[in-house]
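The values are calculated or read from the model by the stated rules, or taken from the named source; none is laboratory data. Just so you know, these numbers come straight off a predicted model, no measurement behind them. Here the Cβ positions follow ideal geometry from the backbone for every residue, glycine too, while neighbour counts run over all protein chains shown. To get the accessible areas, we keep the full protein, side chains included, count just its heavy atoms, and leave off ligands, DNA and RNA. Shrake-Rupley method; radii C 1.70, N 1.55, O 1.52, S 1.80 Å.
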Amino acid sequence: MPVTAPTFNRRVLIAAAGALPLLGLPGILHAADPDVSDLRDITTGAQPIGPEERKARIARAQALMKASGIGAVLIEPGSSLIYFTGVRWSRSERLTCVVIPVEGEPCIVTPFFEEPSVRESLGIAAEVRVWQEDEDPLKVVIGFLKDRRLAEKPVGIEETSRYFIVDGLQKALPTTRIVSANPVVRGCRMIKTSPELALMQLATDVTIAAYRWTYPRIREGMSNGDIAALMTAATRKLGGAVEFNLILLGGAAAYPHGTRKQQRVTPGEVVLMDCGCTVQGYQSDVSRSFVFGRASAEQRKVWEVVAHGQQVAFEAARLGTPAGAVDDAVRGYYTSLGYGPDYKLPGLSHRTGHGIGMDGHEPVNLVRGERTPLASGMCFSSEPGIYIPGSFGVRLEDCFHMTEAGPKWFSEPPKSIDQPMG
């Protein structure tokens, strides 16, 4: 459940949970590949995001720019660049970015020698302007703004962009207002379209199928890395690209993101699995908790409280309701049972949920104080876990999306600790 750079941080979490052999990192030995010959790729019918969809995104962004009085928006490489342009690129000291004007075609700014590579994934009609190694790339950006007569209008900066861009633009254009691009970028990305929802559903289907394949293969004495290897192999065979497989065993489940201590499957102890993948760039995020062997009365009680907590969150998620009210509802329910209060332990020490889409964690969150009203097309995780330090923790996580009729699950929450995979 990292807040930023979800893919990298998830992998750090996997490492912390003892699953480094899954990462494909240099110098790391790999466990033997599990036999997944009984599985098949279920993503062959996935429809990638096409040019018409991206064209509509640009149009939506430009409408939001007009409404906010923004003349242009600058976006660096990352999920937002892919979202609008299709360009898949990494950030470095050499600036590549897109500038979306309030009217007309966007402009890709990139080093001269990178232009052919950048064009390979460019999925929209756009001007491409290049800069040489001895040139300042921000001068190219400014040149485009001036040519489009936008240099005197507010320029929005996507929220993950680096400081040197803001600083350079402010110094070169002292009379130009540099503002947040959140009303535009968030305004587009938070509302998922039917093609996006279909890919998220498929990613969730892969994760659920991988869970159902892995669950009966868990054995006493397995490490968390062994279980993660099963999930990884199954996810890949089913057609998903693995994002994370966080496996927490026994007392480690009391810590939302685990511990570095060695863990083994032990009868009577909790197994907490938090796993996700991507299909065509869109993510899933599903958690399941169960007991290997016979569950104690306390384990059953906590599991059932968390399961009901998910339903409390689901029932609280109504169109127009502030996102934070979902967290308030769950926390109020837990407090009535003696957990917490607030973020105290034993109880729920993290937010009830987070936005999800191309990134595992996107704005906005189901967290106290978040005033953004829920709207059709928004997607969230619901994961109101309960953690008891020194004993165990339970997290059940399923994602849902808002529709005109209310929330709809991507994956149905489990009904029983004895049948955790449904």
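Okay, residues lined up against (1) within 23 Å of Lys301 (Cα to Cα); (2) open to solvent by less than 10 Å² (accessible area, probe 1.4 Å); (3) among the polar types (S, T, N, Q); (4) modelled with pLDDT under 95:
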site	(1), (2), (3), (4)
His350	yes, no, no, no
Gly360	no, yes, no, no
Tyr387	yes, yes, no, no
Glu397	yes, yes, no, no
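Residues being closer than 26 Å to Glu298 by Cβ, in a strand (DSSP E or B) and not small (Gly, Ala, Ser): count how many of those fall in segment 406-422. Walk me through how you get there before you give the answer.
Of segment 406-422, the ones closer than 26 Å to Glu298 by Cβ are 412-422.
Then drop every residue that is not in a strand (DSSP E or B), which leaves 416, 419.
From what's left, not small (Gly, Ala, Ser): 419.
The number of residues fulfilling the criteria is 1.
Residue-by-condition table, conditions (1) over 22 Å from the mean Cα position of the chain (by Cα); (2) aromatic (Phe, Trp, Tyr); (3) within 19 Å of Glu362 (Cα to Cα):
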position	(1), (2), (3)
Glu304	yes, no, no
Ala323	no, no, yes
Val330	no, no, no
Gly338	yes, no, no
Worksheet item: Any residue at all in segment 229-250 that is in contact with a Gly (Cβ under 9 Å, 6 or more places away or on another chain), free of Cβ contacts under 8 Å to residues at least 12 places away in the same chain and of a type outside the set (Phe, Trp, Tyr)?
Response: no
Worksheet item: Counting only residues that are within 19 Å of Leu150 (Cβ to Cβ) and surrounded by 13 or more Cβ atoms within 10 Å (Cβ to Cβ), how many does segment 47-59 have?
Response: 1
Response to the item:
For Ser180, the lone unmet condition from (1) hydroxyl-bearing (Ser, Thr, Tyr); (2) farther than 23 Å from His361 by Cβ; (3) open to solvent by 10 Å² or more (accessible area, probe 1.4 Å) is (2)
Discussion item. Could you go through segment 204-219 and let me know if any residue there is more than 16 Å from Ala32 (Cβ to Cβ), over 22 Å from the mean Cα position of the chain (by Cα) and buried (at least 24 other Cβ atoms within 10 Å of the Cβ).
Written reply: no
Discussion item. On the basis of being more than 17 Å from Arg395 (Cα to Cα), at pLDDT 95 or above and not acidic (Asp, Glu), does Gly250 make the cut?
Written reply: no
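Do we have Val185 as within 20 Å of Val102 (Cα to Cα), open to solvent by less than 80 Å² (accessible area, probe 1.4 Å), touching an Asp or Glu at 6+ places or on another chain (Cβ under 8 Å) and touching a residue at least 24 places away in the same chain (Cβ under 8 Å) here? Walk me through it before giving the result.
Numbers: within 20 Å of Val102 (Cα to Cα): yes; open to solvent by less than 80 Å² (accessible area, probe 1.4 Å): yes; touching an Asp or Glu at 6+ places or on another chain (Cβ under 8 Å): yes; touching a residue at least 24 places away in the same chain (Cβ under 8 Å): yes.
Judged against the criteria, Val185 is a match.
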Item to complete: Could you look through segment 220-242, keep only residues that are touching a Lys or Arg at 6+ places or on another chain (Cβ under 9 Å) and of a type in the set (Val, Ile, Thr), and pick out the one that is least open to solvent (accessible area, probe 1.4 Å)?
Response: Ile227
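Mind listing whichever residues of segment 158-172 are in a loop (DSSP other than H, G, I, E, B) and of a type in the set (Gly, Ala, Ser)? Don't jump to the end; show me each part of the working.
Start the filter on segment 158-172 by keeping residues that are in a loop (DSSP other than H, G, I, E, B), which leaves 158-162.
Ser161, the sole residue that qualifies.
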Discussion item. Restricting to segment 83-120, count the residues that are surrounded by fewer than 14 Cβ atoms within 10 Å (Cβ to Cβ) and basic (Lys, Arg).
Written reply: 2
Worksheet item: Any idea which of (1) farther than 30 Å from Pro267 by Cβ; (2) outside any helix (DSSP H, G or I); (3) open to solvent by less than 10 Å² (accessible area, probe 1.4 Å) is the one Asn245 doesn't satisfy?
Response: (1)
